[in-house]
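First the structure, in the form of structure tokens, and then the observations on it.
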Amino acid sequence: MLEIKNLSVSIDGHSILDNLNLSVKPGEVHAIMGPNGSGKSTLASVIAGRDEYDVNGGKIEYQGEDLLDLDPHERAHKGVFLAFQYPVEIPGVSMTNFMKAAINEKRKALGQDPVVAKDFLKMIKEKMALVKMDPKLMSRSLNEGFSGGEKKRNEILQMAMLEPKLAIMDETDSGLDIDALRIVANGVNSLRTSENAFVVITHYQRLLDYIVPDYVHILYNGQIVKSGDKSLALELDDKGYEWVKEEVNA
Amino acid sequence: MTKDLTPYITAFDLMEQNMNGLKNSSIYPLRLKAMAEFEKLGIPSNRHEEWKYIKVSRFFKELPAIANPTIEPSIDLPEFLPSLKANRIVCIDGVYSEKNSSFIDEGFNSYFRSLQHAYNANDPIVFNYLNKLLKIEEQHFAALNMAFAQDGVFIHLPDNFSPDFPIIIVNVVTGKHLVNSRNLVVIGESSSAQIIEKVISMEDSAYHNAATEIYLQENAKLHHTVIQDERKDLCLINNTEVLQKRDSQYNAVTVSLNGSLIRNNLHVRYDGENCDCHLNGLYFGRSSDLIDNHILVDHRKPNCTSNQLYKGLLDDKSEGVFNGKIFVREDAQKTNAFQSNQNILLSDNAGINTKPQLEIFADDVKCSHGATSGQLNDEALFYLQTRGISKERAKALVSYAFANEIVEKIENESVQNYVREILLDLFELTL
């Protein structure tokens, strides 16, 4: 589904990703871990299409198509989703209008008619229950004044509404207490199918108790330096990143 | 360079000759004085501090002909919010059109007269109020208006009378000429009203110079909405002066969405304690539009509050000006005065000149002001894009939301929806 080959990315002349390779198949959950500044969020942003990064080499293939050729909204239409580490507050744009616009833009791109109001309401009610979000938030402005936990749950709500094929979750666990973490993880787990894939970026093993990965990768200095199964995450939790750094630098 | 005013002097002389009976009315010396002042002031140039950023002289290279409103034109008037139940006052080229006006509030017709009617009757009440707030010695276009406006709207609500329905004042400009329209509004003690003003132009290259004086007596309340949305090449100059007595409230929303040149002078003065005003504005400039809002709130008495919120979207090569003055006089202790001007520049070639001006002579006051101008937030646009909304639509959505904050301040829901539809259309959005 996702093939990243020799990807090198820089911003303002500083190299961030350096010959990175990653392969994700449908139905899989990949966790990407790594110390601060290793390039995790950059990888997420580049897959979603943020344009302030310079791609200096390599390619990202998604369902056989060159992802780097597409605008961010086109990637979204094809099923790529990024759950933000810091969801943006957008005053004045109501949750309802935003969600409807997002769904209808995708439907339009797929040659479908706009969603019927009744179906939309039913769907949103269902998905809000899934992430235990207060329905009153729908009449509020997008993320404006939402608590940290509400913002993260809102990301999962949007994911549930848009039904992506490839979801990148950028430190969705940061700033969540254990209850919110469980709700978010439950939301993700209920969306897992054999057709879609998740790339979960996290600092901590904690999240991976709830969202169990098939693969764990360690990102360091812009490269994936070690891959393994979920036991690698436990090892990291136990020993920290120092031994990885030493191994790489040796 | 002083503009040659000969065409206006000739026009004024001609008007005078045709006035016959009116020479006995108190309006006559007022007009003579106004014309004399206008001859001194002329059309303002950029060297004038108050006209520095708006090249009004560009629109007056050739003086536009003064509309000759003696001929009642037989035209089909475009309708404005036909479904809204309201007391409708229509003026064509500055002259009240009884034929096109209609009142639904019982008793409202006792409280409305055309100014010409009042002048002819030499009604002393009208002269208690007329031209007392506008300063023809200083304000170029107020002087021009006083000299030439032949008619207009005189609303005088008695004490304790609040019409059930809004009052719509439509000013129609029929040709490529300059119309001087005039409103005089007195809201009696403990009365309240809603006034919606709208200019309709039948032609491009038309000029409208409005002068409005509003008096709010004790505990009176007025919601005042001004809609400037004709998508034509127009020059609109709007001079509004408000005087508030104690416990009164004035809420204004000015929406400027049409082309070329708009200059709004909105001045509010407090003449009693415990007054409050909310002055809101939305402007959206495109192509080479110039939109200038000059606001003044004059706190002369203690325990009053005022709020100014003006928001601007500027695209293409358009330019905006915001000049917001707050005076707090020595006696005006316990004043709360706030001002905010926020701008989004949608193009690299658009510009905004924003200038807050606070002059505070009392010591126990709370005043704040803030001005922002910038591009749309990239982070917000990217967020929307990752949800499948194209950059263009994301921009439109965020701009619309920015503008909608002001639309929500409009008292009347039908008018809110009217403005929203225009905005959605301009942004090519459907919600």
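The values are calculated or read from the model by the stated rules, or taken from the named source; none is laboratory data. No experiment lies behind these values; they were computed from the predicted model shown. Note: ideal-geometry Cβ built from the backbone for every residue, glycine included; neighbour counts use all protein chains shown.
Odds and ends about this structure:
- Test result for B:L144, under 29 Å from B:S74 (Cα atoms) and crowded, with 16+ Cβ neighbours inside 10 Å: yes
- Condition broken by B:T430, with the remaining ones in (1) touching a residue at least 40 places away in the same chain (Cβ under 8 Å); (2) out of contact with any strand residue (DSSP E or B) (no Cβ under 9 Å at 6 or more places or on another chain) satisfied: (1)
- Check on B:L279, within 15 Å of the chain's Cα centre (by Cα), surrounded by fewer than 24 Cβ atoms within 10 Å (Cβ to Cβ), in a strand (DSSP E or B) and on the phi < 0 side of the Ramachandran plot: no
Okay, residues lined up against (1) of a type in the set (A, V, I, L, M); (2) within 21 Å of the chain's Cα centre (by Cα); (3) modelled with pLDDT under 95:
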position	(1), (2), (3)
A:I103	yes, yes, no
A:G111	no, no, no
A:P135	no, no, yes
A:R140	no, no, yes
A:N154	no, yes, no
A:L162	yes, yes, no
A:I168	yes, yes, no
A:E171	no, yes, yes
A:D179	no, yes, yes
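- Extreme residue, nearest to the other protein chains (Cβ to nearest Cβ), among residues of segment B:403-419 that are of a type in the set (S, T, N, Q) and part of a helix (DSSP H, G or I): B:N404
- Pair list, Cβ under 6 Å, 6 or more apart: segment B:199-224 residue among the charged types (D, E, K, R), other residue part of a strand (DSSP E or B): B:E213/B:L184; B:E213/B:E241; B:K221/B:S192; B:K221/B:Q249
- Criterion: touching a helix residue (DSSP H, G or I) at 6+ places or on another chain (Cβ under 7 Å), among the hydroxyl-bearing types (S, T, Y) and under 23 Å from B:H294 (Cβ atoms) - qualifying residue of B:S57, B:S25, B:S45: B:S45
- Members of segment B:302-333 that are part of a strand (DSSP E or B) and among the acidic types (D, E): B:E319
- Meets criteria (within 24 Å of A:P213 (Cα to Cα), outside the structural domain of A:E242 (by TED's automatic domain parsing) and out of contact with any Ser or Thr (no Cβ under 6 Å at 6 or more places or on another chain)) for A:F98: no
- Residue match in segment B:355-372 (condition: touching a residue at least 12 places away in the same chain (Cβ under 8 Å), of a type outside the set (D, E) and within 14 Å of chain A (Cβ to nearest Cβ)): yes
- Against the list (1) surrounded by fewer than 21 Cβ atoms within 10 Å (Cβ to Cβ); (2) over 21 Å from B:L234 (Cα atoms); (3) touching a strand residue (DSSP E or B) at 6+ places or on another chain (Cβ under 8 Å), the condition B:D164 fails is (3).
- Evaluation of B:S162 against the conditions (1) farther than 16 Å from B:V90 by Cβ; (2) of a type in the set (S, T, Y); (3) assigned to a strand (DSSP E or B) shows that the sole unmet condition is (3).
- From the options A:A167, A:A180, residue that is within 14 Å of chain B (Cβ to nearest Cβ) and either among the hydrophobic types (A, V, I, L, M, F, W, C) or not in a loop (DSSP other than H, G, I, E, B) (or both): A:A167
- Residue match in segment B:150-158 (condition: of a type in the set (G, A, S) and at positive phi): yes
- Restricting attention to segment A:69-93, the residues that are within 17 Å of the chain's Cα centre (by Cα) and more than 14 Å from chain B (Cβ to nearest Cβ) add up to 0.
- Pair list, Cβ under 7 Å, 6 or more apart: segment B:377-402 residue facing chain A (nearest Cβ under 7 Å), other residue in a loop (DSSP other than H, G, I, E, B) and crowded, with 24+ Cβ neighbours inside 10 Å: B:Y383/A:F84; B:L397/B:I389
Every residue, every condition in (1) surrounded by 20 or more Cβ atoms within 10 Å (Cβ to Cβ); (2) under 23 Å from B:L236 (Cβ atoms), yes or no:
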{"position": "B:K23", "(1), (2)": "no, no"}
{"position": "B:E39", "(1), (2)": "no, no"}
{"position": "B:P44", "(1), (2)": "yes, yes"}
{"position": "B:E49", "(1), (2)": "no, yes"}
{"position": "B:F60", "(1), (2)": "no, yes"}
{"position": "B:K85", "(1), (2)": "no, no"}
{"position": "B:Y96", "(1), (2)": "yes, yes"}
{"position": "B:F103", "(1), (2)": "no, no"}
{"position": "B:E106", "(1), (2)": "no, no"}
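- Screening A:K100, A:K106 for residues that are more than 21 Å from A:N196 (Cα to Cα) and in a helix (DSSP H, G or I) leaves exactly one candidate, A:K100.
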